Amino acid sequence: MGLISLLFKNPGAFILLVIPLLYSIVLHELAHGWVAEKMGDSTARWLGRLSLNPLKHLDPIGTLMLFIFGFGWAKPVPVNFNNLHDQRKGMILVSAAGIVTNTLLAFISLFLLQLINPAPFGAMATFLIYMAQINIMLAAFNLIPIPPLDGSKILMGFSSAQFQYSLARLEPYGFFIIIGLLYLGILNPLISLFEWFIIGFISLLLP
């Protein structure tokens with residue numbers, strides 16, 4: 001369901017959903033840029049992308065798709081992997097940074113839900129539940145090893161130069177492949193597997 005439909009059906013739920021959604025995406029992108037800078041590439045800072053301002057990260061077409069169809073994307077934070085001190089290690093860590101950030105946000109949300117124990121159907125509980133669900137979904141989705149998703153670059157970091165080249169050639173068509181596989185439901189079992197893994201990991205950390 002797109003966000004526009006939710007806005008008209010339940011404006012309160014729309015607000016409680018759109019805020020964690022926007023900032024989960026922003027923090028995901030910020031994490032890529034921050035780790036890249038720590039490893040030698042300041043491209044994101046030079047272009048003003050190390051910012052909490054959602055307008056710096058929103059992609060017009062991706063935002064429109066999100067509001068209409070419930071599936072969208074942000075502008076990737078630019079990273080020049082050639083500037084990294086260790087390109088192979090940097091590719092893995094920079095790409096994993098967004099996934100780790102979303103996992104941590106989900107953990108914090110579920111921890112706070114247990115800690116403060118808000119009213120089950122109150123605004124705070126709804127916000128924290130949405131925050132956890134969104135971040136688990138973002139982390140799981142980005143683990144998929146199809147370019148331009150983070151999982152593909154993590155895989156590249158562990159692969160030969162020839163395999164990296166072959167996978168990189170798919171990137172111009174990546175979103176079309178992903179949308180097609182999502183539409184056919186082929187990616188659903190993989191996303192569910194990654195979600196199960198992330199939820200299990202978070203459960204181990206929670207008291």
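A few comments on the model shown:
- Restricting attention to region 1-123, the count of lysine pairs at 8 or more positions apart or across chains with alpha carbons under 24 Å apart stands at 5.
- Note: relative contact order over the chain, using C-alpha pairs below 8 Å and six or more positions apart, is 20 percent.
- Gaussian network model of the chain, Cα within-10 Å springs - most flexible of 67, 111, 163: 163
- Annotation: amide H-H contacts under 5 Å for residue 58 (H modelled 1.01 Å from N, sequence separation of 5 or more, or interchain): 75.
- Summary of the geometry: region 23-59 and region 163-188, compared by the centres of their Cα atoms, lie 24 Å apart.
- When the Cα convex hull of region 3-205 is projected onto planes of every orientation, the mean area is 12.1 nm².
- Per-bin percent of Cα-Cα distances, region 97-207 [10 Å]: 14, 36, 30, 15, 5, 0
- Most mobile listed residue (73, 196, 46) in the chain, GNM with C-alpha springs under 10 Å: 46
- GNM result for the chain, Cα springs below 10 Å: residue of 139, 31, 161 fluctuating most strongly: 161
Read the figures in this text as sums done on the coordinates, not as results from a lab. Fair warning: this is a prediction, and the values are worked out from it, not measured in the lab.
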